[in-house]
Each structure stands twice: as structure tokens, then as C-alpha cells.
Amino acid sequence: MKDLTMSESMLLLAIFRLGENAYGVKIRQKVAEVTDRTYSYGTLYSSLDQLVKKRYVQKTIGDPTPERGGRSKIYYRLSAEGVEALQNAYELQKAIWNGISDIAVEKGRVL
Amino acid sequence: MSKKNPCPPAEWILKRTVNPEVEFSIIGDFEEEYTEIVCKKGVIRAGSWYWRMVFISVLPFIFNSIIWSLAMLKNYIKIAFRNFRKNYTYTTINILGLATGIACCILTFFFVRDELSFNRFHDKAENIYELTVVLKVGDGFYMQNGTQLPLGPKLPEIFPEVVSSARIKMQNLSVKRMDKLFEEKVAGIDRTFFDIFSFPLKYGIKKNMLSGPDGVVITGKMAKKYFGEEDPAGKTVSINIGNKFYDFKVTGIVFDPPSNSSLQFGFLINIEKIYGKELSEWNNGKSLATFVKLKDKSMAGELQKKFPETINKYFDPPGSQYRMHSLVDFHLTGTFSAVFLPESKMEYSYILSGISLLVLMIACFNFMNLTIGSSSTRSKEIGMRKVMGAQRKELIRQFWFESVLLSFLSLAAGIILAEIFLPVFNILAQKTLHLDYFSNITAAAVLIGITLFTGIVAGSYPAFVISGFASVELFKGKVKVSGKKVFTKILIVSQFAISIFLIIVTGFMYKQQSFVSGRGIGLEPDNVIVVSLEKALINPEKNENVLNILKNRIAQYKSVESVSGSVYGLTSYWSSMAPVSKLHKKRMFLERNLVDKDYINTLGMKLIEGRGFSAAASNNIADPIIVNETLIKRHNIESPIGRKLSEFFEESFDGTIIGVVKDYHNKSLHRRVIAGYVSLNKDTNYRNLYIKANGEDIQKTINLVRKEFKQILPDVPFMYGFLDEEIKQQYLSDEKWNKIVEYASIFAIFIACSGLLGLTLLTVVRRSKEISIRKVLGATVTDIISLVNREFVILVALANIIAWPAAYFTVGSILQNYAYRIDPGPDVFILAGIAAVLVAVTTISLQSLKAALANPVKSLKCE
């Protein structure tokens with residue numbers, strides 16, 4: 001299994017955080033909320049499609065809602081592989097940053 | 001929360017670029033966020049956000065769409081091939097049909113390209129013109145001719161528009177080198193010839209070509225013929241001009257003139273060698289071809305207008321008009337040249353293109369029919385796709401893609417077909433075409449264009465129809481193709497109408513041909529050897545008795561029945577005059593040939609009145625002539641024997657009629673026979689010798705004749721031919737076109753039948769349950785077969801009604817070209833109609849036989 005890229009983990013975690021309510025608008029807002037990074041809808045949907053292709057995420061079509069002019073939303077949920085991928089990523093991050101998290105990183109100097 | 005469309009134009013952009021699968025979700029997202037921002041920051045901020053977001057997102061969306069489409073492509077290809085294999089009968093029929101259409105287009109393309117390319121290889125070819133003179137010969141009679149000899153070089157001096165001019169005199173002269181003696185095409189030219197025409201040099205320096213009077217430039221082919229592997233440079237060949245052989249030194253070798261050059265030659269010599277002093281004489285009655293190269297082709301019209309004041313004033317008698325003919329237009333539209341033979345017509349290209357398009361259209365019709373019909377088997381697949389979220393757009397894309405894919409497969413098959421038929425086509429079209437698809441972009445582009453076009457056009461209708469099936473009904477298996485039945489019917493009718501039309505035209509052409517050849521030419525040309533004596537004539541004093549000796553020597557042989565000489569060839573144009581008829585009070589054509597006493601016998605002409613030129617009886621008449629029927633009829637001559645020609649014409653003619661022969665057609669039956677007569681030649685300046693052999697071992701006879709010839713006329717090349725072949729030449733172009741139409745109709749019938757075949761299969765499948773039930777209820781095999789037949793035979797009969805008037809009209813206008821023609825009677829029409837019906841019935845019956853014999857239980861079982 002390949003490692004997740006940064007943006008992939010951002011999206012997957014956003015989806016995880018949103019739980020049942022992970023659809024386009026919310027995902028975009030959650031990512032912006034947590035990481036200050038704004039995705040355009042174009043890149044957002046492209047990336048989401050990539051995740052679906054890699055089977056980390058599943059798409060389901062929800063019911064039509066009145067606020068959206070009668071259109072349904074597409075909900076995204078983590079798949080089992082997606083969860084596994086996230087876990088691996090977390091382990092990897094832990095291993096990389098192990099023991100370094102206490103050290104202060106000052107400007108220009110790493111102690 | 002506003003429900004209305006935030007920004008319709010932006011939304012429209014979104015809709016266009018976004019992957020249709022998720023389109024609704026994206027638009028919904030946009031709306032949702034928009035309304036949030038409206039609440040928080042107001043409409044204006046929201047609007048600008050919307051636009052900005054759309055702007056940033058457009059590129060990724062498009063990119064994504066493409067990726068998704070490509071993803072589907074793999075699936076489409078897989079499904080397409082799976083489908084092809086599943087219904088391989090339909091697929092094969094479709095491919096064959098389209099391949100035939102494409103093959104026709106390929107051959108036509110190369111033909112037309114070749115035709116259009118004639119004479120264009122010269123540098124600035126569009127500025128090259130030939131000058132011809134139109135002379136008035138009598139009231140309403142005009143003749144075109146070449147120009148006077150000294151005119152050429154004067155033209156650049158007089159007219160600033162003319163950059164250079166060159167004269168050409170083309171002749172067939174004897175060329176000798178060592179033991180090789182043949183007649184070749186020799187062109188006498190000015191040095192400026194190479195400035196106007198681009199015939200690239202193989203060896204030699206352009207400046208030195210023909211610098212001396214005795215130089216000759218030969219083509220590669222001639223170099224091989226006369227010099228073999230030797231280097232010809234500087235060596236000598238002898239060319240016979242005016243019955244004397246002159247030596248020429250080879251000063252250059254050019255590449256053979258290409259096949260798309262109207263100007264063909266073997267040797268180029270200085271024109272001064274042909275004419276001598278005469279070249280600078282005005283009004284000496286001789287003419288040749290004069291070409292000019294203008295500064296620009298737009299000057300041609302103006303220049304031609306200047307001619308009457310300049311040329312006519314100084315150099316020519318008034319009443320003769322000078323005309324300019326463009327070289328590049330000559331091949332397709334030219335009618336006269338002093339040096340070229342008009343070979344082709346624009347019409348040929350149009351006709352071929354028409355036929356190709358026709359065949360392709362029929363193939364496309366078939367394709368549509370079969371595809372729509374066979375789609376019923378895919379109903380479940382289509383239903384599933386729709387359920388899984390496929391939009392109509394995507395389905396249309398899928399089926400269109402399949403059609404285009406099939407079209408490209410047909411392209412491959414079509415290329416193979418074209419290669420197979422190329423040799424036959426080349427013979428028919430009298431060309432040497434090569435199918436080089438990659439020589440220039442045009443060919444490949446046109447090919448791919450045609451394929452794409454065919455695929456898209458042929459696939460459009462099925463794609464739209466199939467994608468329109470509603471899902472639920474598909475699962476129920478209720479595919480209602482019947483609404484489109486009208487279209488199907490129209491397709492069948494038109495296909496058969498086209499086929500029947502072509503068959504009728506072919507049929508009549510055959511009839512006309514056999515009428516023409518069976519009509520009896522009025523001669524017996526078989527086993528008549530024709531020997532050309534033209535070269536022997538040049539020095540008449542020297543050859544006078546010689547020709548008689550030759551004739552007598554040849555006549556001695558057992559295998560020779562009779563020998564005769566004539567001044568003019570049978571199929572060439574005789575001495576043509578236009579005297580004023582006393583009866584009709586206007587000028588009429590009159591032809592005359594000078595022959596010896598054995599002419600009538602040797603050629604097997606039929607005397608219907610009077611007698612021939614036998615030596616004894618013609619002693620008492622000074623100027624005996626034998627006339628043809630047409631002369632008698634045209635001028636209402638009663639009891640012609642003994643009357644004098646001058647009785648009927650204003651001009652005084654020598655000639656007392658001693659006999660009348662049945663009309664003989666020396667030219668093709670396109671023309672009426674011209675009133676003509678033959679008179680006894682006082683000299684022996686025969687150009688042709690006719691030898692009637694007795695049919696046994698013609699080759700031996702030819703060898704005997706050759707032996708005598710070589711003994712008596714050693715300096716003259718022995719050239720012979722057969723009279724019946726010479727006559728056949730007249731009809732060659734007709735035969736050629738008959739063959740082409742014949743092939744076209746075979747194609748058309750084949751395609752129409754394959755279409756019918758496919759449809760029958762479909763009908764049988766569609767109505768399999770019905771057929772089974774009928775069988776169970778006691779229908780016989782015949783009943784079932786006639787059931788299926790009934791659906792289609794009516795259509796074929798209908799096709800007849802449409803085809804007949806069109807065919808009648810076309811055949812009528814074709815027959816107009818013939819002076820002697822058959823009457824288009826009803827027999828061919830009826831035969832064609834019956835044939836079409838028979839073919840249709842056979843095809844249908846064969847197909848439905850299988851269904852008729854099948855076990856009804858089988859199809860009733862699967863529900």
C-alpha cells in the first residue's frame with residue numbers, strides 16, 4: 001500500500017471528522033477550518049474522485065434536499081482501506097516525528 | 001435562502017465543463033455555499049465568489065472530465081468488441097458494406113487526384129497557354145488548327161505579357177541506331193521549350209541542350225531501348241526526316257515524361273531540322289503548335305483581345321481568330337490542340353464520384369438499419385447503464401464511438417479491397433495509379449476524414465434512437481423499434497431503387513453495344529493485316545514501282561487472299577471536303593479516299609449496285625468512283641450508275657459513279673456515316689496496305705509479308721496491325737464505361753442484398769415467438785417463408801416504380817450520344833424488376849428457412 005500524500009490525508013481526515021455529513025461544501029469548509037488551505041471545487045472533486053478510484057473513499061448519493069433546489073448531494077465515506085491507510089499514515093508520522101515534538105524549532109535553529 | 005439561480009451564465013459554464021455524473025452535486029454545492037455567503041456577506045460578495053470559484057474550477061473540471069471519459073473509453077472498447085463478436089453476422093455485413101463504400105471512395109479519390117494533376121508539374125503551369133487558330137471553312141463550318149510557323153518567336157517581342165514562347169511539332173519518325181529501327185515520337189522544339197516546360201534532366205547541362213542544330217535530347221526509356229546499358233552521351237542516332245536519315249548527337253537525357261503529362265515524347269530535336277527554310281515563311285499552309293508562358297494567368301483574357309489588331313493585321317488573313325487555351329485545363333476540358341490528343345473529360349470524374357457516394361450512402365443506410373435492429377439484443381445492457389447513472393449523452397457517445405470504431409475497421413478492410421481491385425480499375429480507367437496513402441497529407445487526411453464522416457453519419461441515427469429507450473421497458477424486453485419502421489422501409493426502397501436503376505442502365509448499355517457490333521460494320525475486317533506505308537511515301541519517285549512490286553509479291557502467297565492499298569486509313573479522317581450541294585443549297589460534308597482496284601474485295605465491302613474497279617471494265621471510264629449508300633440517299637440520287645458527281649455539287653468534281661456499296665462505319669457508331677466515295681488512285685502513294693489472309697496461321701503470313709517488306713523497303717520500319725482491332729479501338733471508351741457501370745451495379749446489388757439479409761435476420765429474430773406459435777398452430781414451412789417475404793417484397797416492387805422513370809430518362813440521354821441507337825423498350829425494365837424481386841425473395845427465403853425449420857418449442861420456452 002502506498003503512502004498517502006499530504007492533501008490526501010487532509011481530505012480523508014476531513015471526511016472522517018465530518019462523519020455522516022461529508023459532502024462537497026462541508027468537506028471544503030472543514031479543510032479550510034483545520035488547515036487554512038482552500039480548495040477550489042475543481043480540485044476538490046478531482047481529488048475526491050482520485051480517492052474513490054483508490055478505494056479509500058466510497059460515494060453514495062443522498063436524498064434530494066429542498067435547499068439545493070431539489071438536487072441530491074453526494075456523500076463521501078471512508079472505506080475500510082481508507083481507514084487502514086489513515087492508520088498507516090499516522091504510524092508513519094509518529095515514527096518520523098518521534099521524539100522531536102518536544103524540541104522547539106526556533107527560527108533558523110533546530111536544537 | 002434564495003432559491004433562484006444565482007448566476008445563470010456561470011452555472012451554464014459549470015454545466016458544460018463538469019463531469020455529468022456528479023454535475024448535480026457540484027451545482028448543489030455551489031448553490032449552498034452561495035446562499036451561505038449571501039446571508040453572511042451579501043449578494044454582491046456572494047456573486048463575485050461564485051464567479052471566482054467557477055473560474056478557478058473550470059480547468060480542473062475539464063481535465064477531470066477528460067480523464068473520466070478516457071476511463072469509459074476502455075469500457076466502451078471492450079464492450080464494442082464483445083458486441084462485434086456476439087453479433088458477428090451483422091458486424092461482418094456492416095464492415096463489408098462500409099468497406100466497399102470506402103474502397104470505391106479510395107479509388108475515386110486517386111483517380112480524380114490524378115486527373116486534376118495533369119500538366120501541373122511544370123513550373124508556373126497555370127501561366128502556360130497554347131495558341132490555336134480558328135478558321136472559317138464555309139458557312140457555319142469551322143476548323144481549329146495550329147499556328148503559322150514563324151509566329152512563335154515573334155510573340156514575346158510584340159506582347160510584354162508573354163515571357164517566352166516555344167513551338168512544338170510532334171511527329172512519328174523512324175529512328176535508327178545500328179540494328180534497331182523503330183518509329184518513335186519525335187518532337188521538334190525551340191530551345192525555349194525548356195523555359196516553359198519542366199522536364200528535368202537526368203544527364204546534361206541545360207544550357208547545352210540542343211545548342212547545336214544536330215543535338216537530340218532523349219528520354220530515359222529511349223536511352224535504354226537504343227543504347228541498353230551504354231552511356232548515350234555524345235553518341236549518335238539517326239532520325240528519318242523527309243525520307244532521309246540525319247545523324248543526331250545525344251546532348252542530354254531527360255526523365256521520362258510522367259504519366260500525368262499530356263505531352264509525351266521520346267526524342268527532342270531542334271525544330272529547324274524538321275522545317276528548314278519553311279520555318280520563317282508565312283502563309284505556306286503549314287502549321288504547328290505554339291505555346292506561351294505568360295507573366296501571369298490573369299493576363300490571358302486581355303491578351304486574347306489584343307490579337308485581332310496585332311497578329312491578324314500583320315500576319316494573317318482576316319477571318320481567322322486566335323485563341324488561347326490554358327494548359328492545365330486541357331486534360332479535362334480541352335477539345336483541340338495541335339499537339340495533344342484530348343483524352344479525358346470532366347464528366348468522368350463527376351460520374352465516378354457520384355457512383356462512389358452512391359455506394360457509400362447505400363452502405364450507410366444498411367448500417368443504420370442493421371445497427372438499430374440489432375440493438376434489441378442489447379436492451380438489457382442499456383437498461384443497466386441507465387440504472388447505474390449513465391446519462392443519455394454518455395450513451396450517445398458510446399454508440400457513436402462504436403460506429404466510428406467499426407468505421408475504422410472498415411477502413412482497414414476497405415484499403416485491402418481497394419488494393420485487390422486496383423489492377424482492374426487501372427485497366428478500366430487507363431491509368432497507372434498507385435495507392436500511396438502517405439505521399440502527401442491530403443490523401444491520408446481525406447481517407448481518415450471519410451472514415452470519420454461515415455462513422456459519425458452512419459452512427460448518428462442509431463445512437464440517438466438506441467439511447468432513447470426508456471429503462472423499464474428495456475428490462476421488460478419490449479423494444480419498440482416499430483415506430484422507426486417507416487424509416488427502415490424508406491431505406492430498403494431507396495437501396496433497391498438505386499440497384500435496379502443501375503441494372504437497367506447496364507442492361508441497355510449491353511444492348512446498345514451488341515446492336516452496335518452486330519449491326520454489321522459493312523466490312524469484313526477479320527484477318528485483315530494493315531501495314532503502314534507512310535514512311536515509304538516520302539520519296540514517291542523512288543518508291544512508285546516499288547509499292548506495286550511489293551503488292552504483287554505479297555499477293556502471290558497462298559495464304560494471302562487479296563492485297564490492296566489506300567491513301568487514307570479506314571478509321572482515320574479521310575480527305576474531307578465541304579462542297580455546296582445543289583439539292584440542299586448548302587455545304588455538306590463529303591469524304592473521299594483514293595484506293596486501288598482491289599480495295600472493295602480486300603475489305604469485304606458489299607456492292608449493292610453496279611460493279612467494282614476490276615481492271616478490264618474500268619478502261620472505258622476515265623474517273624470511276626464507287627459511292628456509299630449515304631451519298632445516294634442524302635442527295636436523292638436516282639439510278640446512280642453512270643451519273644457524274646458534278647451533277648450534284650456546285651464545285652466541279654471528277655467522278656463517274658460505277659457502283660454503290662453498303663454503308664460501312666469507319667468511325668464509331670456515335671457518328672452518322674458521312675457521304676463518301678472511293679476513287680481509283682492514279683499514283684501509288686498508298687499510305688496503307690491491306691492484306692486479307694485466309695485465317696490459317698496468321699503469324700506465318702505476317703512473317704512472309706515482313707520478309708518481302710524488308711527486301712523491298714529496307715529503310716522503312718515494318719509496322720503492322722489488324723483491322724478488326726483498329727475498328728474496336730473506336731469503341732474502347734464505350735466498353736470501358738460499360739464495364740464501370742456494370743461493376744457499380746454489382747456492388748449496389750451486393751450491398752442492397754446484404755442489407756436485406758441483415759434485416760431478414762432481424763425480422764426473424766423479432767418475430768420468432770410469432771413464428772413459433774404459427775408453427776404450433778399448423779403453419780407449413782412455405783407459410784412462414786411467405787410471411788417474411790411479404791414484408792419486403794412489396795418494398796422491392798415499390799423500388800421498381802421509383803427506379804424506372806429515372807432509368808428511362810438517363811438511358812435516353814446516354815443514347816443521344818449515338819447516331820445509331822436502339823429503342824429503349826420495356827423488356828429491360830421488366831427483366832430488371834423481376835430480377836430484383838427474385839434476388840430479394842431468394843435472400844429472404846434462405847434466411848427465413850432456418851427459422852421456419854426450427855423447433856418452435858425452443859423459442860417459446862425462453863420467456
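The values are calculated or read from the model by the stated rules, or taken from the named source; none is laboratory data. Remember, it's a predicted structure, so these values are computed and weren't measured experimentally. Cβ atoms come from the backbone with ideal geometry, glycine included; neighbour counts cover every protein chain shown.
Numbers at a glance
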{"quantity": "Search result, residues across region B:404-442 that are more than 30 Å from B:Val741 (Cα to Cα) and in contact (Cβ under 8 Å) with a residue 60 or more places away in the chain", "calculated": "B:Leu405"}
{"quantity": "Some residue of region B:38-56 being within 8 Å of another protein chain (Cβ to nearest Cβ), in a helix (DSSP H, G or I) and either surrounded by 14 or more Cβ atoms within 10 Å (Cβ to Cβ) or among the polar types (S, T, N, Q) (or both)", "calculated": "yes"}
{"quantity": "Only one of B:Glu21, B:Glu31 that is in contact with a Pro (Cβ under 8 Å, 6 or more places away or on another chain), within 13 Å of another protein chain (Cβ to nearest Cβ) and either at pLDDT below 85 or buried (at least 16 other Cβ atoms within 10 Å of the Cβ) (or both)", "calculated": "B:Glu31"}
{"quantity": "Hits in region A:1-35 (condition: polar (S, T, N, Q) and more than 9 Å from chain B (Cβ to nearest Cβ))", "calculated": "A:Thr5, A:Ser7, A:Ser9, A:Asn21, A:Thr35"}
{"quantity": "Subset tally (residues that are within 30 Å of A:Lys59 (Cα to Cα) and either in contact with an Asp or Glu (Cβ under 7 Å, 6 or more places away or on another chain) or among the hydroxyl-bearing types (Ser, Thr, Tyr) (or both)) for region B:353-406", "calculated": "2"}
{"quantity": "Matching residues in region B:648-663 - criterion: being within 13 Å of B:Val580 (Cβ to Cβ) and either at pLDDT 80 or above or surrounded by 15 or more Cβ atoms within 10 Å (Cβ to Cβ) (or both)", "calculated": "B:Phe648, B:Phe649, B:Phe653"}
{"quantity": "Evaluation of B:Gly228 against (1) surrounded by 14 or more Cβ atoms within 10 Å (Cβ to Cβ); (2) more than 26 Å from B:Thr290 (Cβ to Cβ) (one fails), failing number", "calculated": "(1)"}
{"quantity": "Qualifying residue in region B:277-285 (condition: surrounded by 19 or more Cβ atoms within 10 Å (Cβ to Cβ), out of contact with any helix residue (DSSP H, G or I) (no Cβ under 8 Å at 6 or more places or on another chain) and not small (Gly, Ala, Ser))", "calculated": "no"}
{"quantity": "Candidates B:Phe709, B:Phe722 - the one that is over 22 Å from the mean Cα position of the chain (by Cα), buried (at least 19 other Cβ atoms within 10 Å of the Cβ) and of a type in the set (Phe, Trp, Tyr)", "calculated": "B:Phe709"}
{"quantity": "B:Ala71 being within 12 Å of chain A (Cβ to nearest Cβ) and within 30 Å of B:Ser410 (Cβ to Cβ)", "calculated": "yes"}
{"quantity": "Filter result for A:Ile96 (in a helix (DSSP H, G or I) and either more than 16 Å from the chain's Cα centre (by Cα) or away from chain B (no Cβ under 14 Å) (or both))", "calculated": "yes"}
{"quantity": "Test: residue in region B:102-111 that is surrounded by 15 or more Cβ atoms within 10 Å (Cβ to Cβ), in contact with an Asp or Glu (Cβ under 7 Å, 6 or more places away or on another chain) and of a type outside the set (Gly, Ala, Ser)", "calculated": "no"}
{"quantity": "Selection status of B:Lys86, within 13 Å of chain A (Cβ to nearest Cβ), of a type outside the set (Gly, Ala, Ser), surrounded by fewer than 18 Cβ atoms within 10 Å (Cβ to Cβ) and more than 27 Å from A:Leu51 (Cα to Cα)", "calculated": "no"}
{"quantity": "Meets criteria (aromatic (Phe, Trp, Tyr) and in contact with a helix residue (DSSP H, G or I) (Cβ under 6 Å, 6 or more places away or on another chain)) for B:Phe653", "calculated": "yes"}
{"quantity": "Matching residues, region B:263-314, being free of Cβ contacts under 8 Å to residues at least 60 places away in the same chain and among the basic types (Lys, Arg)", "calculated": "B:Lys277, B:Lys305, B:Lys313"}
{"quantity": "Filter pass, A:Tyr39 being under 26 Å from B:Lys15 (Cα atoms) and in contact with a strand residue (DSSP E or B) (Cβ under 9 Å, 6 or more places away or on another chain)", "calculated": "no"}
{"quantity": "Test for B:Ala615: is it among the aliphatic types (A, V, I, L, M) and modelled with pLDDT under 80", "calculated": "yes"}
{"quantity": "Search result, residues across region A:36-77 that are part of a helix (DSSP H, G or I), at the interface with chain B (Cβ under 7 Å from one of its Cβ atoms) and polar (S, T, N, Q)", "calculated": "A:Thr43, A:Ser46"}
{"quantity": "Counted residues, region B:247-263 - those being crowded, with 16+ Cβ neighbours inside 10 Å and not small (Gly, Ala, Ser)", "calculated": "9"}
{"quantity": "In region B:429-442, the residues that are more than 23 Å from B:Pro257 (Cβ to Cβ) and assigned to a helix (DSSP H, G or I)", "calculated": "B:Ile441, B:Thr442"}
{"quantity": "Lone qualifier among B:Leu59, B:Leu96, B:Leu116 - being within 12 Å of chain A (Cβ to nearest Cβ), at pLDDT 80 or above and surrounded by fewer than 20 Cβ atoms within 10 Å (Cβ to Cβ)", "calculated": "B:Leu59"}
{"quantity": "Of the criteria (1) among the aliphatic types (A, V, I, L, M); (2) in contact with a Lys or Arg (Cβ under 7 Å, 6 or more places away or on another chain); (3) surrounded by fewer than 14 Cβ atoms within 10 Å (Cβ to Cβ), which one B:Ile205 fails", "calculated": "(2)"}
{"quantity": "When residues of region B:288-324 are limited to those that are of a type in the set (Gly, Ala, Ser) and at pLDDT 80 or above, the one farthest from B:Gly146 (Cα to Cα)", "calculated": "B:Ser298"}
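Here's the yes/no breakdown for (1) under 19 Å from B:Asn738 (Cα atoms); (2) in a loop (DSSP other than H, G, I, E, B); (3) at pLDDT below 85; (4) charged (D, E, K, R):
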{"residue": "B:Ile771", "(1), (2), (3), (4)": "no, no, yes, no"}
{"residue": "B:Asn789", "(1), (2), (3), (4)": "no, no, yes, no"}
{"residue": "B:Ile802", "(1), (2), (3), (4)": "no, no, no, no"}
{"residue": "B:Val811", "(1), (2), (3), (4)": "yes, no, yes, no"}
{"residue": "B:Tyr818", "(1), (2), (3), (4)": "yes, yes, yes, no"}
{"residue": "B:Pro824", "(1), (2), (3), (4)": "yes, yes, yes, no"}
{"residue": "B:Val828", "(1), (2), (3), (4)": "yes, no, yes, no"}
{"residue": "B:Leu831", "(1), (2), (3), (4)": "yes, no, yes, no"}
